[in-house]
1. Which one of these is aliphatic (A, V, I, L, M) and more than 16 Å from ligand 2 (Cβ to nearest atom): A308, A280, A298?
2. Being more than 17 Å from A277 (Cβ to Cβ), within 16 Å of ligand 2 (Cβ to nearest atom) and β-branched (V, I, T) is true for just one of T134, T156. Which residue is that?
3. What number goes with the only condition from (1) closer than 26 Å to N110 by Cα; (2) part of a loop (DSSP other than H, G, I, E, B) that P264 does not pass?
4. Which residue, of L84, L73, L131, is assigned by TED's automatic domain parsing to the domain that holds I141 and touching a residue at least 60 places away in the same chain (Cβ under 8 Å)?
5. Just the residues that are more than 23 Å from the chain's Cα centre (by Cα) and on the phi < 0 side of the Ramachandran plot, please, taken from segment 202-223.
6. Would you check if A62 is more than 16 Å from ligand 2 (Cβ to nearest atom) and touching a Gly at 6+ places or on another chain (Cβ under 7 Å)?
7. Report every pair of residues separated by at least 6 positions or lying on different chains whose Cβ atoms are under 6 Å apart, first residue within segment 185-210 and free of Cβ contacts under 8 Å to residues at least 24 places away in the same chain, second aliphatic (A, V, I, L, M) and open to solvent by less than 40 Å² (accessible area, probe 1.4 Å).
8. What's the total number of residues in segment 263-302 that are closer than 17 Å to T134 by Cβ, more than 12 Å from ligand 1 (Cβ to nearest atom) and of a type in the set (V, I, T)?
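The values are calculated or read from the model by the stated rules, or taken from the named source; none is laboratory data. It should be emphasised that the depicted structure is a prediction, and the values quoted were computed from it without experimental measurement. Backbone-built Cβ (ideal geometry, glycine too); neighbour counts: all protein chains shown. Remember, those area values only see protein heavy atoms, side chains included, never the ligands or the DNA or RNA. Shrake-Rupley method; radii C 1.70, N 1.55, O 1.52, S 1.80 Å.
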Amino acid sequence: MYILGIESSCDETAAAVINENKEILSSVVWTQLDEHKKFGGVVPEIAARAHLEKIDEIVTKALDTAKISFSDLNAVAAAAGPGLIGGVIVGVMTAKAIAAVNNIPFIAVNHLEGHALAARILYPVNFPFLLLLTSGGHCQILEVLGVGKYQKLGATIDDAAGEAFDKVAKMLNLGYPGGPWVEKYALNGNPDRFSLPRPLKGKNNCDFSFSGLKTAVRHLIEKLENNLSENDKADISAAFQKAVVDVMKDRMTKAINIFKSHFPEAKDVVVAGGVAANSAIRSMILDLAQENQLIFSAPPPNLCTDNAAMIAYAALERFNLGLINTLDFKPRPRWPLYENYEQS
Ligand code: KG4
Ligand code: ZN
């Protein structure tokens, strides 16, 4: 059995083929880096056009690499939201056309569910599990009860963590996307030279806030009169990353306690989404999990950042449960995992 997955909800045009044994036969990711670099962020209209220009080539490449053709497919899936609607429409319309022409089921996958389930491709993560989902657009802690079944414990009240990494990298003139650059600079920095705030630390809930932290970094840079040496950049990166790790540790400690009280038998804690590629964050959650006799899993970095293998995999889980969609499914710019998830 073969399922084709398509991802185009942000600035990656991606396609992947997975089989019934969860083997990823191909995973092609084309990142629109050069298109958006000069703006320091994703420009929705440019992204949509770039997806449209590239998608046929990327899908063909995914099929060729998997050594199959359209007629071998058993289902086709696309990330149908949430995301930049122009790009989402490109992926969904492509998948619907492939479904219609080849007379196979179409599966609309929530991009966040793709991230949420990705750890299950490689690891035996069982439901229910606790999930820190942290990416460029989202930062939330969820109890994952099953496919399509999510309970929110907390979420960011302003910026997503990835957004904060990207903005800090932009202020430091490092590169785009910012996360990997901040991580690289932080490796050589002193995290204790500058003190930065820990927003919401100690609060009696599992919410996040990153905008104050970002503003604090801006004030720090202004205080240094924008005259930053490579050393300063490394120290600021390290201080910022440490603040994020501290805050996430505090929120996840709270979340683990709640999760354990809800599901005393549950064993798994997962971190996923683009920011989960960060090794300081991964190792902090690994430690927390061990302290709490839980098993930590995270997708490998190439399955954390946006890709289509996670979309194909979520579709495989849905296909196995008989959860397929009709061709009148409308792409959704906003599609929270925990509200009316199955309503369509
Ligand atoms: O999941 P993703 O690829 O796209 C969204 O769905 O948003 O996440 C992209 C985000 C970007 O903000 C990027 O800077 C961040 O993930 N990111 C990282 C790292 N690698 C990617 N943040 C921190 N450390 C990293 N190593
Ligand atoms: Zn994503």
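1. A280
2. Testing whether each residue is more than 17 Å from A277 (Cβ to Cβ), within 16 Å of ligand 2 (Cβ to nearest atom) and β-branched (V, I, T) leaves just T156.
3. Going through (1) closer than 26 Å to N110 by Cα; (2) part of a loop (DSSP other than H, G, I, E, B) one by one, P264 breaks only (1).
4. Details: L84 fails: assigned by TED's automatic domain parsing to the domain that holds I141; L73 fails: assigned by TED's automatic domain parsing to the domain that holds I141.
Step by step, each of L84, L73, L131 is checked, and only L131 is assigned by TED's automatic domain parsing to the domain that holds I141 and touching a residue at least 60 places away in the same chain (Cβ under 8 Å).
5. Taking segment 202-223 first, the residues more than 23 Å from the chain's Cα centre (by Cα) are 202-204, 215-223.
Within segment 202-223, K203, N204, T215, A216, V217, R218, H219, L220, I221, E222, K223 meet the criteria.
6. Judged against the criteria, A62 is not a match.
7. Going by the 6 Å Cβ cut-off, there are no qualifying pairs.
8. Number satisfying all stated conditions: 3.
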